[in-house]
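The values are calculated or read from the model by the stated rules, or taken from the named source; none is laboratory data. Computed from a prediction, not measured in an experiment: that's the story for all the values here. Positions of Cβ are backbone-derived with ideal geometry, glycine not excepted, and every protein chain shown enters the neighbour counts. Areas reflect the complete protein model, heavy atoms only, side chains present, ligands, DNA and RNA absent. Shrake-Rupley method; radii C 1.70, N 1.55, O 1.52, S 1.80 Å.
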Amino acid sequence: MLDLAFVRNNLPLLEEKLRQRGLDPKQALGDFPSVDEQRRKLITEMEQLKAQRNRASEEVAKAKKSGDDAAALIEQTRRLREKIEQGEGGIGKIEEQLKSILASLPNLAHESVPVGKTTEENAEVRRWGAPPKFDFAPKPHWELGEQLGVLDLARAAKLSGSRFAVYWDLGARMERALANFMLDLHTREHGYTEVLPPFLVNSESMYGTGQLPKFAGDLFQCKDTDLWLVPTAEVPLTNLYREEVLEESRLPLSLCAYTPCFRSEAGSYGKDVRGIIRQHQFQKVELVKFARPQDSYAELEKLTHHAETVLQKLGLHYRVVALCTGDLGFAAAKTYDLEVWLPGQQLFREISSCSNFEAFQARRTNIRWKPAGKGKSEFLHTLNGSGLAIGRTWLAILENYQQKDGSVVIPEALRSYMNAERITAKRF
């Protein structure tokens with residue numbers, strides 16, 4: 001969430017930033033100027049009424065002390081009290097309107113974010129490795145998985161419907177191996193603390209990281225409860241410190257977690273209907289950081305490098321792109337996407353998004369830090385990124401390590417986790 005005073009004092013800048021995101025400033029801001037002016041006017045009126053009430057109360061006390069009739073003054077005090085109560089009720093309603101407007105506004109893009117409207121205007125930053133060469137036509141993962149007997153979409157549809165998957169044997173073992181490999185890498189080499197959070201969170205948690213109210217249609221809510229299935233471990237990890245103040249000595253604080261993720265994929269029907277690119281349930285290792293504002297962009301580079309290291313150790317060709325303003329997520333100030341090469345489809349596909357949210361989430365969750373030697377706390381910066389999306393890493397391995405005979409070689413980094421070197425066809 002943006003700061004109220006900042007929005008009030010920087011409307012022309014905010015309007016330009018909204019246009020860069022492809023939004024209509026008038027529609028996004030709604031009645032903000034008039035509602036904000038009405039609030040400030042009411043607050044001034046209430047301060048004047050309270051001053052009058054205080055003076056009247058003093059006059060009542062003096063009248064009683066001197067034995068004079070205080071009935072008229074008491075009645076005046078009562079009327080002033082009623083007006084103040086009504087006015088404060090009106091201020092409360094107006095503040096809810098302002099909060100609703102502020103909650104709907106996206107974060108401001110950092111000055112280094114390229115200005116653009118669509119994914120075509122994202123800026124490629126770098127590439128790593130080279131695409132594998134084949135002396136045969138490489139297949140997409142949905143064909144390979146079915147032929148090997150490790151991916152079963154038909155039985156998953158029988159169990160749950162479309163956009164679900166069943167993994168068999170070495171397919172299931174590779175999913176588990178990838179989670180363990182990623183967690184070991186991030187905790188042992190990158191300094192993250194592993195957390196196992198709940199997979200159900202309340203509405204306040206979803207609001208804190210920006211999923212609610214804007215993206216309710218993309219989420220799964222448990223019927224007749226205030227609990228939602230997590231769309232990403234970012235939600236519980238970030239909210240661990242909601243309404244808390246972290247000492248400067250603890251920053252930067254780096255957490256990672258492996259969780260299933262649940263998304264309704266509202267609006268994506270017709271997209272990525274083949275294979276396991278876009279699922280209602282998938283598994284992911286998430287990286288979350290809490291940092292001092294002056295350090296957060298250096299921490300974004302580190303976090304992005306940590307996610308890249310997974311791909312490098314697995315020998316997967318990828319590129320890093322900086323998202324343009326029109327492609328930037330709602331809560332992000334800057335985002336790097338990691339896109340892995342999929343030879344079976346002859347395209348790059350996003351496998352991780354690494355973002356700096358600056359104080360946007362911290363303001364919604366009231367997470368602060370206290371600089372050493374200073375009495376006043378302030379909002380810290382939050383960051384997160386996939387380290388990585390396991391299902392997409394799984395399918396990238398199938399497509400990149402496929403062999404002419406239909407088998408798939410297991411990357412060396414995973415062999416000790418899987419106790420196997422190759423996936424060959426089986427039936428279950």
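Given a 1.4 Å probe and the protein chains as shown, residue 370 ends up with an accessible area of around 70 Å².
Sorted largest first by accessible area at a 1.4 angstrom probe radius, with every protein chain in place, the residues 394, 228, 168, 142 fall in the order 168, 142, 228, 394. Probing with 1.4 Å while keeping every protein chain in the model, the per residue accessible area of the chain equals 48 Å². Which residues in region 55-92 have a backbone N closer than 19 Å to a point placed 7 Å from the Cα of residue 41 along the Cα-to-Cβ line? 83-92, by backbone N distance to the label point.
Spatial offset of region 281-343 relative to region 77-145 amounts to 16 Å, using the alpha carbon center of each. A Cα-only calculation for region 220-273 places Rg and Dmax at 15.8, 49 Å.
Remark: region 147-156, residue by residue, has Karplus-estimated 3J(HN,Hα) of 5, 7, x, 9, 10, 10, 7, 5, 5, 4 Hz, where x stands for each Gly or Pro and the curve is 6.51 cos²θ - 1.76 cosθ + 1.60 at θ = phi - 60°. Distance from the C-alpha centroid of region 188-263 to that of region 147-161: 30 Å, rounded to the whole angstrom.
Full extension of the chain between residue 118 and residue 55 yields a length gain of 16.6 nm, computed as 0.36 nm times the residue separation minus the alpha carbon distance.
Taking the DSSP bridge list for the chain and keeping only pairs wholly inside it, about 90 percent are antiparallel. Per-peptide packing, taken as the mean over residues of other Cβ atoms within 10 Å, places 323-333, 6-16 in the sequence 323-333, 6-16 from highest down.
Greater than 29 Å separation of Cα atoms is the criterion. Which listed pairs, 133/313; 17/214; 17/83, meet it? Pairs exceeding 29 Å: 17/83. Taking a ≥ b ≥ c as the square roots of the Cα gyration tensor eigenvalues, with a/c under 1.5 meaning rounded and otherwise prolate when a/b beats b/c, else oblate, which class fits region 206-309? Oblate is the answer for region 206-309, as a/c is 1.5 or above yet b/c matches or exceeds a/b. 3J(HN,Hα) couplings calculated from phi for region 278-287 with the Karplus curve 6.51 cos²θ - 1.76 cosθ + 1.60 (θ = phi - 60°) are, in sequence order, 10, 10, 6, 10, 8, 10, 8, 9, 10, 10 Hz; Gly and Pro show x. Between residue 242 and residue 5, the FRET efficiency from the beta-carbon distance, with R0 = 25 Å, is close to 0.65. For the chain, with all protein chains in place and a probe radius of 1.4 Å, 48% of the accessible heavy-atom surface sits on carbon or sulfur. Rolled with a 1.4 Å probe across the full set of protein chains, the surface gives residue 187 an accessible area near 40 Å².
Here the extension length gained between residue 319 and residue 420 equals 33.5 nm, from 0.36 nm per residue of separation less the Cα-Cα distance.
Based only on the alpha carbon positions, what is the Kirkwood hydrodynamic radius of region 329-428, in angstrom? Hydrodynamic radius (Kirkwood, Cα only) of region 329-428 equals 17.0 Å. Against the longest alpha carbon principal axis of the chain, how many degrees, from 0 to 90 and to the nearest 10, is the axis of helix 71-104 turned? So the helix axis and the longest Cα principal axis differ by about 20 degrees. Think of it as helices only: each DSSP H run of n ≥ 4 in the chain is worth -39500 (n - 2.57), and spread over all residues that comes to -13500 deg cm²/dmol at 222 nm.
Taking R0 as 45 Å, what FRET efficiency do you get between residue 223 and residue 96 from their Cβ-Cβ distance, rounded to the nearest 0.05?
Calculated value: 0.95.
Placing a pseudo-label 7 Å from each Cα along the Cα-to-Cβ vector at residue 281 and residue 215 gives an inter-label distance of 2.1 nm. When the Gaussian network model of the chain links Cα atoms closer than 10 Å, the mean-square fluctuations of 182, 418, 206 top out at 418. For region 231-246, putting each phi into the Karplus relation 6.51 cos²θ - 1.76 cosθ + 1.60 with θ = phi - 60° gives couplings of x, 6, 5, 3, 5, x, 5, 5, 6, 4, 10, 4, 6, 10, 10, 9 Hz, in residue order, rounded to whole numbers and with x for Gly and Pro. Available extension along the chain between residue 134 and residue 13 is 38.4 nm, counting 0.36 nm per residue and deducting the alpha carbon span.
By a 1.4 Å probe calculation restricted to protein chains, residue 39 has an accessible surface near 40 Å², given to the nearest 10.
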